[in-house]
Structure formats: C-alpha cells, structure tokens
Amino acid sequence: MLATLTLAAAAAGVPAHATPQVYTYRVIHSVYGEIGTYTNVVEQTGDDTRVDSELHIAVKMLGITMFRQEARRSEYWRRQRLVSFDGVTVTNGDKTEIRGEARDGGFAVTTPGGTHLAPADIHPSNPWCPMILNAEFMMSTRTGKVEHVRVTGGEKEPVAFNGDTRRLHQYEIVSDQHQFVWLDDNGVTVAFRTEENGSPVDFVLVSKS
C-alpha cells in the first residue's frame, strides 16, 4: 500500500505554481558515471498543466562518443488526466516519435508500430510529481510501450546521493523491470532510477528554480 504522502498529494491534485518550475537532474550510469542531464519544466494555468522535458546523454570512452541520446517531450494535463503527449527521441541518429491524445474513452498512443488505445487514466513514465505514482498503467516516454505496473513503498529510507545521505520516501515501480522514485516530505522528486540493459541509471536532482 502506498504511504500517506503520495495519496494525499494525488488527492490535492497537481501543486499550483505562479511561474514555471524547473527541475534539473544529473544522469549517472552505474558503470560509466555521469553521462548527461535531464530537465522537467512544469507550468500550471488553472486546471491545466504542461510539462516539458529534455534529455541530453552522451557516453564517451577515450574521448570517443559511444552512445548518444537526445529527447524532447511535452505532456498536457487537465486536472489529473493526461490530455496529450508529444515526444521525439533520437538515439545514435535514429529518431523515434511518440504521440498520444485522449479520445474514444481512452488514450490513443501512436508509435512507429501503429496506434493503440490505452486506458484513459494512463500516466507517462516521467515522475515529475507524486500523482504520477498513483497509476495502474504507465507509458514509456521513449518507446510508447504501455505496461501494467504495481507501485509499492512510500516509507522513509536512508538514501545516499552525491555523497550525502538523506531520509526519503522510497517507491518501487514494478513491471517488466524495476524502477525507483525518491520523494522528499514536500513531494519533490529528489531522484529516480531506471534500468538500461540491466544497468541502473540514476537521475539526481541538482537544482530547482
């Protein structure tokens, strides 16, 4: 069962901000170290929220770029429902475009493989606020793949990032792979972890403005 923090935050909806909130994360690979940055810009107007994300990753060895990934994505929310999604990811020169829109009682996701109708209450895999964790289905922001997920946790755990140990609310997202999200007492995503080819990749908050 999820802890009180997430449930209360979800019930309250998306936090209101008069100006856009910018969250910048360092991307740290378990093998290659720091490999790039990830940014979420959250802007709310009344019941509408727009989230713009940018990802910049480069893995280098001996000065040679072995892997590069760039992404720009936009989410449009009305209250706690996803209205539309637009994303472009370029991996080593190969572009993947993902589009989504609320329609026909669900959420239509268009990928290079075609269009399929997902549940209306689907959430993208970008954990920009606690409300995202209250989901049964998540859509990969990179591939558009929709998966049934199980979210557990919420208890405070000691977690070390950047040599600093903090007690944060830890959540685990279980699907085909395990992901983790760490929130502070204010519901801010301090860090989250994904997997790439079996290796953990951490996104650690370095600035909020």
Check: Of all residues in region 64-79, how many are hydroxyl-bearing (Ser, Thr, Tyr) and over 21 Å from the mean Cα position of the chain (by Cα)?
Finding: 1
Check: How many residues, within region 1-23, are part of a strand (DSSP E or B) and either at pLDDT below 95 or buried (at least 16 other Cβ atoms within 10 Å of the Cβ) (or both)?
Finding: 2
Margin query: Please go through region 33-63 and give me each residue that is under 12 Å from the mean Cα position of the chain (by Cα) and of a type outside the set (Val, Ile, Thr), ordered by number.
Written below: TYR38, ASN40, ASP52, SER53, GLU54, LEU55
Item checked: Members of region 185-199 that are surrounded by 15 or more Cβ atoms within 10 Å (Cβ to Cβ) and assigned to a loop (DSSP other than H, G, I, E, B) -> GLY187, VAL188
Margin query: Take VAL206 and tell me if it is within 15 Å of the chain's Cα centre (by Cα) and under 26 Å from ILE57 (Cα atoms).
Written below: no
Margin query: Quick check on my filter: what residues within region 170-198 are of a type in the set (A, V, I, L, M, F, W, C) and under 20 Å from LEU55 (Cβ atoms)?
Written below: ILE173, PHE180, VAL181, TRP182, VAL188, VAL190, ALA191, PHE192
Note to self: Restricting to region 142-182, give me the number of residues that are of a type outside the set (D, E, K, R) and surrounded by 15 or more Cβ atoms within 10 Å (Cβ to Cβ).
What the structure shows: 19
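Table: residues versus (1) open to solvent by 60 Å² or more (accessible area, probe 1.4 Å); (2) in contact (Cβ under 8 Å) with a residue 60 or more places away in the chain; (3) touching a strand residue (DSSP E or B) at 6+ places or on another chain (Cβ under 9 Å); (4) farther than 21 Å from PRO200 by Cβ.
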| position | (1), (2), (3), (4) |
| --- | --- |
| HIS29 | no, yes, yes, no |
| VAL42 | no, yes, yes, yes |
| SER53 | no, yes, yes, no |
| HIS56 | yes, no, yes, no |
| TRP77 | no, yes, yes, yes |
| VAL90 | no, no, yes, yes |
Item checked: Matching residues, region 163-187, being among the aliphatic types (A, V, I, L, M) and in contact (Cβ under 8 Å) with a residue 24 or more places away in the chain -> ILE173, VAL174, VAL181, LEU183
Note to self: Can you tell me which condition ALA71 does not meet? The list is (1) among the hydrophobic types (A, V, I, L, M, F, W, C); (2) open to solvent by less than 10 Å² (accessible area, probe 1.4 Å); (3) not in a strand (DSSP E or B), and all the others hold.
What the structure shows: (3)
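The values are calculated or read from the model by the stated rules, or taken from the named source; none is laboratory data. Here the structure is a predicted model, which is why all the values come from computation and not from measurement. Neighbour counts are summed over all protein chains in view; Cβ atoms, including those assigned to glycine, are modelled from backbone coordinates with ideal geometry. Ligands, DNA and RNA are stripped out before the accessible areas are found, and what is left, the full protein with its side chains, is counted by its heavy atoms. Shrake-Rupley method; radii C 1.70, N 1.55, O 1.52, S 1.80 Å.
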